[in-house]
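The structure appears right after this line, and notes come after that.
We did not get these values from a lab; they are worked out from the coordinates using the rules stated. Just so it is clear, the model here is predicted, and its values are computed rather than measured.
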Amino acid sequence: MDTKPVACCPGVFDKEQLQEYKKIWGLLEKRRFQTLEIEEGLEFQFFSDNDTLQLLFQWISFERQCCAFLTFTVAVANKEEPIVLRLTGTEDAKSYLKNEFQNQIRVIASLD
């Protein structure tokens, strides 16, 4: 199996994409109510509405370009249950998620 290097590559985005990434992440930050460390990586829980679900898939479409080493899993149940996003990967990816992921998102979101 071909393993991808554990490195975030924000240079894959052009200026317009960066602006859209920032906008989407900012909206998701307001909708996220919990972040958990799980054995395989990180789990984010969001309020359960259709707008949040659409934003998550838009964010994933960006994030998988710069962090190709991650696996993205979205779990959706009824409207009373949270929308769950799990970010997982290899042991190196789990270490990255635990130690650097949130900081790297802040870096990307601050780029102009």
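Quick look at the numbers
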item: P(r), alpha carbons of region 1-48 - 10 Å bins starting at zero, rounded %; result: 20, 32, 40, 8
item: Most mobile listed residue (L97, L87, L27) in the chain, GNM with C-alpha springs under 10 Å; result: L27
item: Structure-based [θ]222 nm, the chain - -39500 (n - 2.57) summed over DSSP H runs of at least 4, per residue, nearest 500; result: -15000 deg cm²/dmol
item: Ratio Rg/Rh, restricted to region 53-95 and using Cα atoms, in which Rh is the Kirkwood radius; result: 1.03
item: Per-residue HN-Hα couplings for region 31-41 [Karplus 6.51, -1.76, 1.60; θ = phi - 60°; Hz; x = Gly/Pro]; result: 9, 7, 10, 7, 10, 10, 8, 10, 4, 8, x
item: Lysines with Cα under 19 Å of K4, excluding same-chain neighbours fewer than 8 positions away; result: K94, K98
item: Relative pair counts by distance (%), Cα atoms of region 29-84, 5 Å bins; result: 4, 18, 29, 27, 17, 5, 1
item: More than 18 Å apart - percent of Cα-Cα pairs taken over the chain; result: 49
